[in-house]
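Notes follow once the structure below has been shown.
The values are calculated or read from the model by the stated rules, or taken from the named source; none is laboratory data. Everything numeric here is computed off the predicted structure, so don't read it as measured data. Virtual Cβ from ideal backbone geometry, glycine too; neighbours counted across all protein chains shown.
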Amino acid sequence: MSTKPAYKRILLKLSGEALMGSSQFGISSEVMTFLANEIKGIVDAGVEVALVVGGGNIFRGEGLARGGMDRITGDHMGMLATVINGLAIQDAIERIGLQARVQSALRINEVCEDYIRRKAQRHLEKGRVVIFAAGTGNPFFTTDSAAALRAVEVSADLLLKATKVDGIYTADPKKDPKATKYSTLTYDQALDQRLSVMDQTALVLCRDNKMKLRVYDMDRPGALMKIVMGDDTIGTHVTV
């Protein structure tokens, strides 16, 4: 493994559920502290870091729609939930000495910046962590699609999806003991097999723009650092 980062700029996708820790709802301060320190380690190593965060720990538009709410209204509520999470991550990151900016796809100028691609790139060049909130700003699109879109827009070298398992499996390893892990996978394989790594729109966007994707276990201490330093044994690689 190299002593210099293998990637100059990454985008890390976090689910809202990942922020809950062992709770059933909300934001865990322990998880926030852990994530902030993991991110600080790679920023100090010279990696430019962008984040996209979900809102499932607070609201999920699709779930609200199943309960009878108008889907577009539910999705807008979900987008606002991601802004709450983004502000929480910004606070955790800044408390340990880094600079961070939240950029929202919805205009909420009182609490965060509007998403402007060139401004986001400038923040990254200055070593600031940029947190993209409110998804794409459009209903019916997941935060996975937002992560793929923003990774392409800011010219990230790698899109990382942090999950609760150590990669992509043939089935849910928590439910199927016979499930086996993929070390590498192509986007076409993931699409053809309808593997639940990301939604189809996000996978197609990554494939068509030749974006490298890695799925890994966010709870493993030091895993993020090892990945950006070039350790190919962690998680599952998805490539063209």
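List of remarks:
Here is a yes/no grid of residues against (1) in contact (Cβ under 8 Å) with a residue 40 or more places away in the chain; (2) not polar (S, T, N, Q):
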position: Gly21; (1), (2): no, yes
position: Met32; (1), (2): yes, yes
position: Ile89; (1), (2): yes, yes
position: Gln99; (1), (2): no, no
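- Among residues of the stretch 162-173 that are more than 19 Å from Asp144 (Cα to Cα), those with a beta-carbon under 9 Å from a residue that is β-branched (Val, Ile, Thr) at least six positions away or on a different chain give the pairs Thr170/Thr180; Ala171/Thr180; Pro173/Val165; Pro173/Thr180.
- Out of Lys164, Lys174, sole residue that is loosely packed, with under 14 Cβ neighbours inside 10 Å and under 17 Å from the mean Cα position of the chain (by Cα): Lys164
Results for (1) β-branched (Val, Ile, Thr); (2) in a helix (DSSP H, G or I); (3) in contact with a Lys or Arg (Cβ under 6 Å, 6 or more places away or on another chain); (4) closer than 20 Å to Ile227 by Cβ, shown as yes or no for each residue.
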site	(1), (2), (3), (4)
Ile58	yes, no, no, no
Leu64	no, yes, no, no
Gly68	no, no, no, no
Ile72	yes, yes, no, no
Asp75	no, yes, no, no
Ala81	no, yes, no, no
Ile84	yes, yes, no, no
Ala88	no, yes, no, no
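- Hits in the stretch 205-240 (condition: among the charged types (D, E, K, R), touching a residue at least 12 places away in the same chain (Cβ under 8 Å) and exposed (fewer than 15 other Cβ atoms within 10 Å of the Cβ)): Lys210, Asp217, Arg220
- Single residue of Gly127, Gly135 found to be under 18 Å from the mean Cα position of the chain (by Cα), under 24 Å from Ala92 (Cβ atoms) and assigned to a loop (DSSP other than H, G, I, E, B): Gly135
- Residues within the stretch 190-240 that are of a type in the set (S, T, N, Q), more than 25 Å from Phe34 (Cα to Cα) and either outside any loop (DSSP other than H, G, I, E, B) or in contact with a helix residue (DSSP H, G or I) (Cβ under 8 Å, 6 or more places away or on another chain) (or both), tallied: 4
- Candidate set from the stretch 187-204 (those that are buried (at least 21 other Cβ atoms within 10 Å of the Cβ) and either at pLDDT 95 or above or hydroxyl-bearing (Ser, Thr, Tyr) (or both)); member that is nearest to the chain's Cα centre (by Cα): Ala202
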